[in-house]
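What follows is a set of notes on a single structure, which appears directly below.
Throughout, read-outs are computed from the coordinates displayed, never taken from laboratory work. Please read all numbers here as calculations on a predicted model, not as lab measurements. No Cβ is skipped: glycine too gets one built from the backbone with ideal geometry, and neighbour counts run over all protein chains shown.
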Amino acid sequence: MNVFTQLIQNKFIWVPFFTWLAIQTFKVIWDLVTTKKFNFKRILGAGGMPSSHSAIVMAITVMVGKEVGFDSYVFAIAFVFSCVVMYDAAGVRRAAGKQARLLNKIIETPGLTGVQVQEKLVEVLGHSPLQVFVGAIIGIIVGSIF
């Protein structure tokens, strides 16, 4: 069996990918419905409800647990990495987004700074704890199905 066939048949690759694609597509559609503007950047953008990062890592973690056992060291590694990703999404990246929002306001205030900025900083970087939680639940459901 060649490498391409192995990759296509590897559910640990395609299930998370299609989970991510479905969630990001949902975000694009939701953004279109709520703002009446099509923003294709949302397909690759971070942030928003639900967290695709959380869904992906939890789907993989549950799938690994089902495959090799929830008492295995491989599941433990997947679980710990999932916790790190979800903590980062709700903690570090969310804080960076808040800082970007504040810096954008400072730069836009007339006379406050002499800084010339070519583009605004990205403000939607992280997730609220609820967005991470909902993403994790979606991931657990998807991982349980596959």
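Quick notes on this structure:
- Computed from phi, the 3J(HN,Hα) profile of segment 130-146 under the Karplus parametrisation 6.51, -1.76, 1.60 (θ = phi - 60°) reads 5, 5, 5, 4, 5, x, 5, 5, 4, x, 5, 5, 4, x, 5, 6, 9 Hz, with x in place of Gly and Pro.
- Straightening the chain between M49 and I141 buys 31.5 nm, computed as 0.36 nm per residue apart minus the Cα-Cα spacing.
- Checking every one of the chymotrypsin sites (Phe, Trp or Tyr not before Pro) in segment 1-107 against DSSP loop status and a limit of 16 other Cβ atoms within 10 Å picks out F38, F70.
- Take the Cβ atoms of K120 and V33, set R0 to 25 Å, and the FRET efficiency comes out at 0.55.
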